[in-house]
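Chemist: Dropping the structure in here first, questions after.
The values are calculated or read from the model by the stated rules, or taken from the named source; none is laboratory data. This one's a predicted model, so the numbers in the text were calculated from it and none came from an experiment. With ideal geometry, Cβ positions are generated from the backbone for all residues, glycine too; neighbour counts draw on all protein chains shown. Just the protein is used for accessible areas: all its heavy atoms, side chains included, with ligands, DNA and RNA removed. Shrake-Rupley method; radii C 1.70, N 1.55, O 1.52, S 1.80 Å.
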Amino acid sequence: MNLLNVDTISETTDKLKKYCPFISPKTECVGLMQAVGRILASDLVSSENIPPYRRSTVDGYAVSSSQLGAASDMLPTFLNVAGEVLLGEDSSGLSVGSGTCVYTPTGGEIPDGADSVVMVEYCESFGDNMLAVSRPSSPGENIVQPGEDIKSGELILRKGRILHAQDIGILAAAGITSVPVFVPWSLTVISTGDELIPPEEVPGPGQIRDINSYTIAARSIREGLRVSRMTALKDDWETILKTLEDAKADSDIIVMSGGSSKGKKDMSSALIKAAADCGVITHGVAAKPGKPTITGFDKKSRTMFIGLPGHPAAALMIFEQILIRIWRDLTSQSEESTIQARITSNVGSAPGRRTFQLVSLTKSDVPEAMPLFAKSGMILPMSQADGYFEMSENQEGVRAGDLVEIHLWK
Ligand code: AMP
Ligand code: MG
């Protein structure tokens, strides 16, 4: 892997999008409760006014405001109660005329002739259907007009939106019960290494527990992606190749970690060449951490391959920078949340490589970002970090006190 031949992160993602158009996610329509947390696949417009009718926001009496004049406690206006609006029923049989009013509960349809509602608190009933009103009212008071919440033809939710509870509420309100969403990629996640054991085992000499299949699968699940298979395999050509071949049948993406550099047992590049009919597209990414990264694709099975570095922090960061960015881009998701923070010490960059620096944040007027330096292979700093900032390929580093843009971990 020659530094001169490596691709930048954006070249890597551009090539994958260009050579693997089949990874553009499909869409499907699901019911409201299946849509929770899914990504909306098209703009949605309301075909109706919401609310559909003039609606009272209070329990009170629908009146014509001009009838009340300057009503007060001392000099109330007396009105005749001509009827009562019932919730869930139309008020067309009722109307408010000279000297009359109609009782309406919250949410009731305002009858003809009324232009406002006086709260019950300002009204006193007495005698047969008589009402004393001790406050004036103005046109429109305590009424929501048709379409005041959402107008017919209004854009209510944009493509790329992750559907939260309030969005499901909008869909319910607008009567949209079949929701177009993106179909998540299906991923196979493979860790490779003779030294790896499952988390439930106790490491013997030279052994470590597999981290990468868990971090990559967990990150995928957090992003709404589907993990169809996760496994840790020894550095054995036949076993890994067989797993890759099987995975091609049911996965959109195969993510393999470990064995991506130039060690004796590093064979992920050769394995991708063997398993993918179009071989390797990128071998080496100008990133720190994460240089030994390999991508490739298989046209016949429409599968994209990525070989991540073995070091857990590098594997997760590169997965984030390449796969998650492509997914977010293809699903029209708006940029992730970032905040400005002042860096607390000088941080150097790796010349010619995009550098990703973990930080933890302290809260003050302008948040401060403390760099967390992780020795190769360490995982705790990844978890202690609130996020990271980037230094571009030709940036020389940052100085203590500089403002940097922190990408917050999701
Ligand atoms: P490799 O790229 O296979 O040479 O691995 C680089 C370093 O990352 C080695 O120290 C490995 O032991 C370590 N490593 C590789 N895969 C994993 C994994 N799945 N979990 C934890 N550490 C790993
Ligand atoms: Mg290895």
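Chemist: For labels at D14 and K300 in the simple 7 Å Cα→Cβ model, what's the distance in nm?
Modeler: Once both label points are built, they end up 3.1 nm from each other.
Chemist: Using θ = phi - 60° and the Karplus relation 6.51 cos²θ - 1.76 cosθ + 1.60, list the HN-Hα couplings for the stretch 41-48 in order, rounded to whole Hz, with x at every Gly or Pro.
Modeler: 9, 8, 5, 10, 10, 7, 9, 9
Chemist: When each pair of different Cα atoms in the chain is counted once in the 1/r mean, what is the Kirkwood radius in angstroms, to one decimal?
Modeler: When all Cα pairs of the chain are included, the Kirkwood radius is 25.8 Å.
Chemist: Taking K234 as the anchor, which lysines have their alpha carbon closer than 20 Å to its alpha carbon, excluding any fewer than eight residues away along the same chain?
Modeler: Output for K234: K242, K248, K262, K264, K265, K273.
Chemist: Setting aside same-chain residues fewer than 8 positions from K26, which aspartates and glutamates have a Cα under 13 Å from its Cα?
Modeler: D252
Chemist: Under the Karplus relation 6.51 cos²θ - 1.76 cosθ + 1.60, θ = phi - 60°, what is the ordered set of whole-Hz ³J(HN,Hα) values for the stretch 202-207, x standing for Gly and Pro?
Modeler: With coefficients 6.51, -1.76 and 1.60, one gets 9, x, x, x, x, 9 Hz.
Chemist: Rounded if a/c is under 1.5, else prolate if a/b beats b/c, else oblate: with a ≥ b ≥ c from the C-alpha gyration tensor eigenvalues square-rooted, which is the stretch 1-84?
Modeler: prolate
Chemist: Solvent-accessible area of Y53, probe 1.4 Å, all protein chains present, reported in Å² to the nearest ten, please.
Modeler: Estimated to the nearest 10 Å², Y53 gives 70 Å².
Chemist: Shifting gears a bit: Relative contact order for the stretch 1-135: what percent, with Cα pairs under 8 Å and sequence separation of 6 or more?
Modeler: Over the stretch 1-135, the number comes to 27 percent.
Chemist: By the gyration tensor of its Cα atoms, with a ≥ b ≥ c the square roots of the eigenvalues, what is the shape of the stretch 182-334: rounded for a/c under 1.5, prolate for a/b over b/c, or oblate?
Modeler: rounded
Chemist: So if we plug the beta-carbon distance of I379 and S332 into 1/(1 + (r/R0)^6) with R0 = 35 Å, what FRET efficiency do we get, rounded to 0.05?
Modeler: With a Förster radius of 35 Å, E is 0.60.
Chemist: Report the antiparallel proportion of the DSSP beta bridges in the chain as a percent, rounded to a multiple of 5.
Modeler: Taking every DSSP beta bridge with both residues in the chain, the antiparallel ones total about 65 percent.
Chemist: Relative contact order for the chain: what percent, with Cα pairs under 8 Å and sequence separation of 6 or more?
Modeler: The value is 16 percent.
Chemist: From the Cα gyration tensor of the stretch 338-408, with a ≥ b ≥ c the square roots of its eigenvalues, which class applies: rounded if a/c is under 1.5, or else prolate if a/b is larger than b/c, or else oblate?
Modeler: oblate
Chemist: List the residues, sorted by chain then number, that are 5 or more residues from G83 or on another chain and whose placed amide H is less than 5 Å from its amide H.
Modeler: Y103
Chemist: Contour minus end-to-end for A270 and S228, with contour as 0.36 nm per residue of separation and end-to-end as the Cα-Cα distance?
Modeler: Residue separation times 0.36 nm, minus the Cα-Cα distance, leaves 12.7 nm.
Chemist: Relative contact order, percent, of the stretch 259-370 when contacts are C-alpha pairs under 8 Å separated by at least 6 residues?
Modeler: The normalised contact order for the stretch 259-370 reaches 20 percent.
Chemist: Shifting gears a bit: About the Cα centre of the chain, how large is the charge dipole given +1 on each Lys and Arg Cβ and -1 on each Asp and Glu Cβ? Please answer in debye to the nearest 20.
Modeler: 2320 debye
Chemist: Same structure, new question: List every residue whose amide H lies under 5 Å from the amide H of D194, counting only residues 5 or more places away in sequence or on a different chain, with H placed 1.01 Å from N in the peptide plane.
Modeler: For D194, whose amide H was placed from the backbone, the distant partners under 5 Å are D235.
Chemist: Of A270, S360, A71, which is farthest towards the positive pole of the chain's charge dipole, taken about the Cα centre with +1 and -1 on the beta-carbons of Lys, Arg and Asp, Glu respectively?
Modeler: About the Cα centre, the residue reaching furthest to the positive side is A270.
Chemist: Keeping all protein chains in place, calculate the accessible area per residue for the chain (probe 1.4 angstrom), answer in Å².
Modeler: Using a 1.4 Å probe on heavy atoms only, each residue of the chain averages 48 Å².
Chemist: Of the options F389, A374, I343, report the single residue whose Cα projects farthest towards the positive end of the charge dipole of the stretch 343-410 (beta-carbon charges: Lys, Arg +1; Asp, Glu -1).
Modeler: Ranked along the dipole, the leading option is A374.
Chemist: Within the stretch 289-410, what is the number of lysine pairs with alpha carbons under 29 Å apart, leaving out pairs fewer than eight places apart on the same chain?
Modeler: 7
Chemist: Could you work out how far apart the two model spin labels at T27 and E89 are, taking each label as a point 7 Å from the Cα in the direction of the beta carbon, and quote it in nm?
Modeler: The modelled label-to-label distance comes out at 4.3 nm.
Chemist: Now a separate question. Pop out the ³J(HN,Hα) list for the stretch 69-83 in order, Karplus 6.51 cos²θ - 1.76 cosθ + 1.60 with θ = phi - 60°, rounded to Hz; leave Gly and Pro as x.
Modeler: Once rounded to whole Hz, the list reads x, 9, 3, 8, 4, 6, 9, x, 9, 9, 10, 9, 7, 8, x.
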